[in-house]
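The values are calculated or read from the model by the stated rules, or taken from the named source; none is laboratory data. Keep in mind that what you see is a predicted model, and the values were worked out from it rather than measured. Neighbour counts run over all protein chains shown; Cβ positions are idealised from the backbone, glycine included. Note: areas computed on protein heavy atoms with side chains; ligands, DNA, RNA excluded. Shrake-Rupley method; radii C 1.70, N 1.55, O 1.52, S 1.80 Å.
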Amino acid sequence: MDAQEQDRFREFVETRSPALLKTAVLLSGGDRHAGEDLLQNALVKAAGRWQRIDEPEAYVRRILYRQQVSRWRLKWPRRELAVAQPPERATSADGTSAAELRIVMRGALAKLTARQRTVLVLRYFEDLPEAEVAAVLGCSVGTVRSTTHRSLARLRGLAPELAHLDRHDTAERPVSPDFSPMEV
């Protein structure tokens, strides 16, 4: 890689790493360290092919997804996730703070299978259409639909306190406009 390509790669890493890290952490079930490892491995792979990559972000995201799929196909036991208590934040009208919702969401996502978590992250965090999710995961659109349906049902069962986020009752529950329950 020549100096100009190295600069281009460095700029990409500096500007896109925060967003890519959020995705990697979500794919890893909320484990920041595993997400960092996942992203680092993806960036190493991308660096080796950097000169031949037309769309770097799409390429790195595809590496992230495929690496995560490879990880959940392994039969290694999952590690426990230790989460520190976040600082207190202002609460909404129903008494639930954004930090509490993120903790609940992160915990519920960690209890899903890796495949369920990956499908939900691709569909709702990455906002990919079903056909693209199917292409990334190497399965049919019907499989994506059924996995999404079962994953959402299980997520609702694991974290009933998130049920009000499904409804369109934002007038009853004022939340800051930048809040995302899947935000890491």
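List of remarks:
- Restricted to region 133-159, and to residues there that are of a type in the set (Val, Ile, Thr) and within 18 Å of the chain's Cα centre (by Cα), the residue that is surrounded by the fewest Cβ atoms within 10 Å (Cβ to Cβ) is THR148.
- Residue count, region 92-132 (criterion: closer than 19 Å to LEU26 by Cβ, open to solvent by 20 Å² or more (accessible area, probe 1.4 Å) and not in a helix (DSSP H, G or I)): 5
- Members of region 140-160 found to be hydrophobic (A, V, I, L, M, F, W, C) and in contact with a helix residue (DSSP H, G or I) (Cβ under 8 Å, 6 or more places away or on another chain), listed by number: VAL141, VAL144, LEU152, LEU155, LEU158, ALA159
- Subset of region 22-56 (residues that are open to solvent by less than 40 Å² (accessible area, probe 1.4 Å), of a type in the set (A, V, I, L, M, F, W, C) and without any contact (Cβ under 8 Å) to a residue 60 or more places away in the chain): ALA24, ALA34, LEU38, LEU39, ALA42, LEU43, ALA46, ALA47, TRP50, ILE53
- Residue within region 57-67 that is outside any helix (DSSP H, G or I) and free of Cβ contacts under 8 Å to residues at least 24 places away in the same chain present: no
- Pairs where the first residue, in region 117-131, is among the aromatic types (Phe, Trp, Tyr) and the second is assigned to a helix (DSSP H, G or I) and buried (at least 20 other Cβ atoms within 10 Å of the Cβ), C-beta under 6 Å, 6+ apart: PHE125/LEU26
- Meets criteria (part of a loop (DSSP other than H, G, I, E, B), at pLDDT below 90 and farther than 26 Å from GLY157 by Cβ) for PRO87: yes
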